[in-house]
Each structure stands twice: as C-alpha cells, then as structure tokens.
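Peer 1: This is the structure I have questions about; it appears just below.
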Amino acid sequence: MLIAPEIHLVGSGQFGFQITDLMDCNVYLIDAGSEAFLIDAGGGVQPELIVKQIEQSGISTDKITRLLLTHIHGDHAAGASYFQQRYGWKVIVSKEAAPWLEAADHDKTSLNAAIAAGVYPENFKYEPCPVSRSVEDGDRLEIGNVRLQVIETPGHSRGHVSYVWERQGQRLIFSGDVIFAGGKIVLQQTWDCVIQDYAKSIERLHELNIDALFPGHGPFITANAARHIAMAHSKFARLELPPNL
Ligand SMILES: [Zn+2]
C-alpha cells in the first residue's frame, strides 16, 4: 500500500492497520530507484503475508537488497531470518543488538519475558539471523538513490536506532518503537527499558524538527510530525511520562 512517495506499508499488525499477521509491527518498503529496502521485518509468524503485500506494491522481491532493523524485539525482528534465508537480503542492525540477533538471544531480546507475560504466544519462534552490517550513531547508508543517517535512540530498548531520510527538503524518520502518533511512547517493564535514556532520545528527535514520522506501530504522519514529538518532549520536560501506546 503506497502511503507516501516511494514508501509502501507492507506489514502491520494488531497495534496498526492489521494488513498482515497480528504480531507484525509496521513494515515499510522503500523504492530507492535501482534498489529497494525494508524497514523492520515483522514477527515472522506469517511472513508470506508480507511477501504478498510486497508483490501487490509492484516492487519485485529481486529488487530488494537490504532489510534495516530498528531494534530486535520479536515483533520487529523475528521475521528477519525468513527474509534473509529465502531472499538473501542483507540485514542491517545496531552494533549493540547485532550479537543478540545473530544468536536469537531470548533474554536480550526480552522474548522470554514477553512469553512469560503472555504478550507473545508460547510457540513464538525467533531464529538466529546473520547480520551483514552493524551500524552506530552518525553512520550513513546509501541504498540506490536514498541516503539515510543512523541515530541511536535508546530508551524503549537497548540497541535501538532510527533512520533519518532527507528528501527534497523534507526530513523523514523511521523511528521503530521510540515515538508514535499523538506523542505516545512504549515503556515496558523489561531489562533494557530506561526512562532517562528515553527522554534523551525524545529530546534529540525534538531538536531534529521532523516533518514525517513512520513509526513501528499505529498511524504514520506525513507532515508536521514535530508537533507529535513535541507532545512527548513537553511531558518529559515536566518530569512526567508521555502516555503509553
Ligand atoms: Zn519494541
């Protein structure tokens, strides 16, 4: 589904538009001219539904070269191994989270905690996935005609990055689980969720004056997204917490 120039939504689950499996985060497909790439992989329960959405977008899976992950929680990254194995897409993730994805570390990814809490089903699978490139703050990615900048945005989880795209005077961000429409956030009782880190990440995004926001769940915002980020920022600035998604 084309949602903005060159940007297709090809996956979205229970906290979004329910176009694929319920366990899927928002999965974005970006047409970069000579190549294409995905942002996040979904939960891997029914990845073939994402493939179907890709086919409907008119972009061939052969054109896709890379899969960029924002973080390694199951609903964003457990699908990565399916795409990597089946299509050979190169997987890109933060330096900190790369070993956790490669080992499918059930503790570091908080999968064990999510299953114990009943948030994920008992039989939820998370297979190890080889990483082609691990990135850190300030890194730049060139894919086809798209230039992205990596910014580290911890708080919701460790090893969380966002991808910023400057496109024709507009600043777009693929922000994973850091910030959502309406200034919402996702704080969880997990080992690596840190309020102070979260506030710093939101402050950084606030300073970036973002135009368009493509979050990991829920609606995307195609203009004046800074207004939504400012809502979360003003809460943190008053030592309060923004509302949870
Ligand atoms: Zn998450």
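The values are calculated or read from the model by the stated rules, or taken from the named source; none is laboratory data. Computed from a predicted structure; not experimentally measured. Because the Cβ atoms are built from the backbone with ideal geometry, glycine has one as well, and the counts that use them run over all protein chains shown. Heavy atoms of the whole protein, side chains included, go into the accessibility calculation; ligands, DNA and RNA do not. Shrake-Rupley method; radii C 1.70, N 1.55, O 1.52, S 1.80 Å.
Peer 1: To the nearest 10 Å², what's ASP105's accessible area with a 1.4 Å probe?
Peer 2: Here the residue's solvent-accessible area equals roughly 50 Å².
Peer 1: Within region 4-39, report the chymotrypsin sites (Phe, Trp or Tyr not before Pro) that DSSP leaves as loop and that have at most 13 other Cβ atoms within 10 Å.
Peer 2: Qualifying residues, ordered by number: none.
Peer 1: Using a 1.4 Å probe on the protein heavy atoms, what percent of the accessible area of the chain belongs to carbon and sulfur?
Peer 2: With neighbouring chains kept in place, the figure for the chain is 48 percent.
Peer 1: I would also like to ask the following. If I build a Gaussian network model for the chain, linking alpha-carbon pairs within less than 10 angstrom, which residue out of ILE143, ILE151, ILE72 has the largest mean-square fluctuation?
Peer 2: Most flexible of the set in this elastic network: ILE143.
Peer 1: Enumerate the residues in region 127-145 having an amide nitrogen under 18 Å from the point lying 7 Å beyond the Cα of LYS95 toward its Cβ.
Peer 2: 131-142
Peer 1: Sorting TRP89, TRP100 by accessible area (1.4 Å probe), largest first, what list results?
Peer 2: TRP100, TRP89
Peer 1: Next question, about the same structure. First select every other residue whose beta carbon is under 14 angstrom from the beta carbon of ASP192; then total the charges, Lys and Arg +1, Asp and Glu -1.
Peer 2: -4
Peer 1: May I pose another question? Taking +1 at the Cβ of each Lys and Arg and -1 at the Cβ of each Asp and Glu, which of SER132, SER34, ASN112 sits farthest along the dipole of the chain towards its positive end, judged by Cα position relative to the Cα centre?
Peer 2: The Cα lying farthest towards the positive end belongs to SER34.
Peer 1: Grab the other residues whose beta carbon is less than 12 angstrom from that of ARG204, score K and R as +1, D and E as -1, and report the net.
Peer 2: Neighbour charge sum, excluding ARG204 itself: -4.
Peer 1: Moving to a separate point now. Could you sort 114-125, 198-209 so that the peptide with the highest average Cβ count within 10 Å comes first and the rest follow in order?
Peer 2: Ranking the peptides 114-125, 198-209 by packing returns 198-209, 114-125.
Peer 1: Distance from the Cα centre of region 215-245 to that of region 105-152, in angstrom?
Peer 2: Their Cα centres are 22 Å away from one another.
Peer 1: Rounded, prolate or oblate: pick one for region 2-237, where a ≥ b ≥ c are the square roots of the eigenvalues of its C-alpha gyration tensor, a/c under 1.5 means rounded, and failing that, prolate if a/b is larger than b/c, else oblate.
Peer 2: It comes out rounded by the Cα gyration axes.
Peer 1: Moving on to the next point. Restricting to DSSP H runs of at least four residues, report the calculated mean residue ellipticity at 222 nm for the chain, -39500 (n - 2.57) per run over all residues, nearest 500 deg cm²/dmol.
Peer 2: Value at 222 nm, helices only: -7000 deg cm²/dmol.
Peer 1: Which Rg and Dmax, in Å, describe the Cα atoms of region 59-98?
Peer 2: Both quantities, over Cα of region 59-98: 10.3, 31 Å.
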